[in-house]
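Structure first, commentary second.
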Amino acid sequence: LAEAFASVAELSYKTKKYNSLKTLFHEKIEQNTIDEAFFVLSDGKLIVHSNTTVEKGLMGNIANDEMSYNIDLILQPVTKKSSELFISAYNIIDKKIPFSREEKEYIQKYYYKEINTSGWLFTRGVFLKGKPVGAVNFIISKDRIFNSIKDHIIKAKFAAFAAICVSFTVSLIISLI
C-alpha cells in the first residue's frame, strides 16, 4: 500500500495535480484500512491529508502541530535518503491505551511487548529524479489489537470462573459420595 501511494504521490508531484492522491487517501480511510494518511514535502509543507478538517487546522505545514505529528519520524525517509518503508511505534494523541498500568505490565511481559504505544507510523519516501522530495505517511491505531486483548481477557476470566465452578461441583459430589 505504501509503495502504491508513494508512486501516486510521485506522479501527482510531477504534475502538481493531487486529486487522485486525495481520492485514494479518502477511499482507504472509508475502508477503515488506515486511520490517517498524508503526503508531506521535505520542508514540512502538507500537500494532501486524508482528513480535511485536520488539513485546515495544520494551515499547510505539518510542523504547526508538533504535539500530534513527530516531524523527525515523518520525514525519516527524506533525511536518510532511503526508499525503504519505515515502520515506527507511534503515540497517537487522541488514542488512549485502555489498560491500567498493572495490566500493561502484565500484558507486556507475557503477551504483547508493544503495548505502551497507541499506534504505528508507516512512512515511505517520495523521490523525483533520485532525490527525496517528501514522504507519504500512514498512521494506524492499535485499537484492533487492544480489542482483541480485551476479548482474550474476558474469555480467560470466564474460563477461570467456569473451572472454579466445575472444580467445586466435582469436589462437592466426591465428598458427598
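The values are calculated or read from the model by the stated rules, or taken from the named source; none is laboratory data. Please read these numbers as outputs of a predicted model, since none were measured by experiment. Backbone-built Cβ (ideal geometry, glycine too); neighbour counts: all protein chains shown. Remember, those area values only see protein heavy atoms, side chains included, never the ligands or the DNA or RNA. Shrake-Rupley method; radii C 1.70, N 1.55, O 1.52, S 1.80 Å.
Can you say whether Ile115 is touching a helix residue (DSSP H, G or I) at 6+ places or on another chain (Cβ under 7 Å) and either open to solvent by less than 50 Å² (accessible area, probe 1.4 Å) or among the basic types (Lys, Arg) (or both), as far as the supplied structure shows?
So Ile115 fits the description; yes.
Within segment 155-172, can one find any residue that is among the basic types (Lys, Arg), touching a strand residue (DSSP E or B) at 6+ places or on another chain (Cβ under 9 Å) and either closer than 22 Å to His49 by Cβ or not in a loop (DSSP other than H, G, I, E, B) (or both)? Give the derivation first.
Initially, segment 155-172 is screened for residues among the basic types (Lys, Arg), giving 155, 157.
Subset that is touching a strand residue (DSSP E or B) at 6+ places or on another chain (Cβ under 9 Å): none.
So far as segment 155-172 goes, no, none of its residues is among the basic types (Lys, Arg), touching a strand residue (DSSP E or B) at 6+ places or on another chain (Cβ under 9 Å) and either closer than 22 Å to His49 by Cβ or not in a loop (DSSP other than H, G, I, E, B) (or both).
Filter segment 1-33 down to the residues that are out of contact with any Leu (no Cβ under 8 Å at 6 or more places or on another chain) and not in a helix (DSSP H, G or I) and list them by number.
Scanning segment 1-33 gives Leu1, Lys16, Lys17, Tyr18, Gln31, Asn32.
Please go through segment 85-106 and give me each residue that is of a type in the set (Val, Ile, Thr), open to solvent by less than 100 Å² (accessible area, probe 1.4 Å), out of contact with any Gly (no Cβ under 9 Å at 6 or more places or on another chain) and closer than 28 Å to Ser42 by Cβ, ordered by number.
Ile93
Quick test for you: out of Ser68, Ser82, pick the one residue that is open to solvent by less than 40 Å² (accessible area, probe 1.4 Å) and under 15 Å from the mean Cα position of the chain (by Cα). Don't jump to the end; show me each part of the working.
Numbers: Ser82 fails: under 15 Å from the mean Cα position of the chain (by Cα).
Sole residue among the options that is open to solvent by less than 40 Å² (accessible area, probe 1.4 Å) and under 15 Å from the mean Cα position of the chain (by Cα): Ser68.
If we keep just the residues of segment 48-62 that are within 20 Å of the chain's Cα centre (by Cα) and outside any loop (DSSP other than H, G, I, E, B), which is surrounded by the most Cβ atoms within 10 Å (Cβ to Cβ)?
Selected residue: Ile62.
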